[in-house]
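Everything on this sheet refers to the single structure shown next.
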Amino acid sequence: MSIVIVDHLVKRYGDFEAVKGISFQVDKGEVFGFLGPNGAGKSTTIKILCTLLTMTSGKALLNGFDVNREPLKVRQSIGLVFQDYSLDDRLTAEENLYFHGMLYNVPRALLKERMEQVLAMVELTERRKDLVRNFSGGMKRRLEIARGLLHHPQVLFLDEPTIGLDPQTRNAIWEHVLRLRDELGITVFMTTHYMEEAEHCDRIAIIDHGEIVALDAPKALKEDIGGDMVTVTTTNNPQLAEEIRQRYGIPVIEDGTVLRMEVEDGASFVPRLAVDFTGMITSVSVHEPTLDDVFLKTTGRAIRDELLDEKERFRQRRLGRRRGR
Ligand SMILES: Nc1ncnc2c1ncn2[C@@H]1O[C@H](COP(=O)(O)OP(=O)(O)OP(=O)(O)O)[C@@H](O)[C@H]1O
């Protein structure tokens with residue numbers, strides 16, 4: 001059963017079309033990921049589904065409710081964990097949850113039990129009486145996730161849930177997210193830049209320039225590539241890219257300092273390449289396709305880490321300003 005149905009969704013900001021008529025469905029209990037570079041239209045789409053932004057045209061249903069016509073029912077069906085930090089540092093973990101419960105009209109008789117449940121789920125029971133300002137980045141994120149679950153939403157939206165966290169904390173958050181799906185059967189809809197994170201999703205939609213360019217299970221997307229990926233560094237990338245294209249008739253992507261190409265059989269291709277271009281190649285590697293390669297193939301570009309870093313620096317600056325208030 002589809003719990004999210006998006007049909008020809010368009011969002012324009014003035015003349016600029018940020019989301020270009022996308023359609024997709026998310027099944028109940030699925031962990032669904034939106035993967036794409038900065039500016040692809042991920043946050044815009046998520047905000048429309050959460051009723052925080054109005055669409056220009058199209059239709060979207062969430063938990064059976066129309067996001068344009070039944071926004072309140074949609075809001076009651078969802079939990080949100082967005083990029084912007086939204087806990088109150090001056091309150092304890094428990095107090096943060098309590099106020100959220102009040103806002104969402106969770107009946108008082110239920111609230112205590114729910115708070116205990118979600119705190120246990122993200123392993124913060126012991127710290128529930130501590131001020132949030134003393135929490136680590138990972139603990140704050142876990143508390144935000146707990147808060148997003150307090151009113152038992154059908155769909156939990158996570159917009160870049162682990163941005164800026166170290167890999168170990170990222171993994172811990174993922175364990176929690178997958179447990180939520182397994183224990184509560186909730187649907188998780190998330191956006192991410194991280195390829196390894198997208199691997200945890202049941203299905204991912206790769207979004208670029210406001211369009212969905214691929215949508216399937218990570219394994220199926222990688223299998224679609226079919227062959228092996230060969231990465232080459234050379235003494236003259238543009239020249240060699242052209243010569244490889246002409247000689248073998250295959251697409252070659254110039255990706256920063258390397259050339260990438262997809263071939264049927266890496267083991268037989270690489271020796272040929274070494275002989276045909278003796279002296280021009282400085283290194284070669286062969287690997288099975290990753291989601292990075294899927295992204296590269298569908299968009300012609302890599303998701304750049306430096307863009308991610310830039311975004312994280314921006315976020316930290318903003319956080320710093322808020323803390324300095
Ligand atoms: N309020 C706005 N006014 C004008 N343009 C906007 C506005 N919000 C977003 N955009 C533009 O729409 C496009 C999609 O933005 P969106 O934030 O949805 O992308 P994204 O994939 O979520 O990227 P990010 O991860 O950086 O948020 C971008 O080109 C962005 O500059």
Legend entry - Centre separation in Å (Cα based) which lies between the range 247-298 and the range 30-88: 39
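Hull surface divided by four, with the convex hull built on the Cα atoms of the range 59-140: how many nm²?
Working: hull surface 26.1 nm².
Mean shadow area of the hull around the Cα atoms is 6.5 nm².
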Inset, instruction - For Arg247 and Leu103, compute 0.36 nm times the residue count separating them, minus their Cα-Cα distance, and round to one decimal in nm. - result: 45.3 nm
Inset, instruction - Enumerate the aspartates and glutamates that Lys129 could reach by cross-link, defined here as Cα to Cα under 16 Å, with residues fewer than 8 away along the same chain left out. - result: Asp88, Asp89, Glu94, Glu95, Glu113, Glu116, Glu144
Inset, instruction - Would you mind estimating how fast the range 1-129 diffuses translationally, via Stokes-Einstein at 10 °C and 1.306 mPa s with the Kirkwood radius over Cα pairs, in µm²/s? - result: 95
Inset, instruction - Give, rounded to the nearest 20 debye, the magnitude of the charge dipole that the chain has about its Cα centre when Lys and Arg contribute +1 at Cβ and Asp and Glu contribute -1 at Cβ. - result: 1840
Inset, instruction - Work out the charge dipole of the range 95-154 with +1 on the Cβ of Lys and Arg and -1 on the Cβ of Asp and Glu about the Cα centre, then indicate which of Val132, Val122, Met102 is farthest towards its positive end. - result: Val132
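What Kirkwood Rh does the chain have if only Cα atoms enter the pairwise 1/r average? Answer in Å. Could the numbers behind the result be given before it?
Values: mean 1/r = 0.0461 Å⁻¹.
Averaging 1/r across every pair of different Cα atoms and inverting gives 21.7 Å.
Pop the C-beta distance of Thr54 and Asp202 into the FRET formula with R0 = 25 Å and round what comes out to the nearest 0.05.
Values: r = 29 Å, r/R0 = 1.16.
About 0.30, to the nearest 0.05.
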Inset, instruction - State, to one decimal in nm, how far the label point of Val275 lies from the label point of Leu131, with both points 7 Å from Cα in the Cβ direction. - result: 7.2
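In the range 227-288, what is the volume of the convex hull around the alpha carbon atoms, normalised per residue and reported in Å³?
On the way: hull volume 4.4 nm³, N = 62.
So the per-residue hull volume is 71 Å³.
Explain nothing, just the number: dipole magnitude of the range 1-124 about its Cα centre with +1 on each Lys and Arg Cβ and -1 on each Asp and Glu Cβ, in debye rounded to the nearest 20.
Values: 14 positive and 15 negative charges, 92 e Å.
My answer is approximately 440 debye.
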Legend entry - the range 258-266 - phi-based ³J(HN,Hα) in whole Hz, Karplus 6.51/-1.76/1.60, Gly and Pro as x: 10, 10, 10, 8, 9, 10, 5, 9, x
Legend entry - Extreme residue, positive dipole direction of the chain, given options Ile244, Thr257, Leu156 (C-beta unit charges): Leu156
Inset, instruction - Mind giving me the nanometre distance, one decimal, between the label points for Lys20 and Gln76, set 7 Å out from Cα along Cα→Cβ? - result: 3.9
Inset, instruction - Show the residues, 5+ positions off or on another chain, whose built amide H is closer than 5 Å to the amide H of Asp66. - result: none
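None of the figures in this text is laboratory data; all of them are computed from the coordinates on show. Remember, predicted model here, so these are calculated numbers, not experimental data. Backbone-built Cβ (ideal geometry, glycine too); neighbour counts: all protein chains shown.
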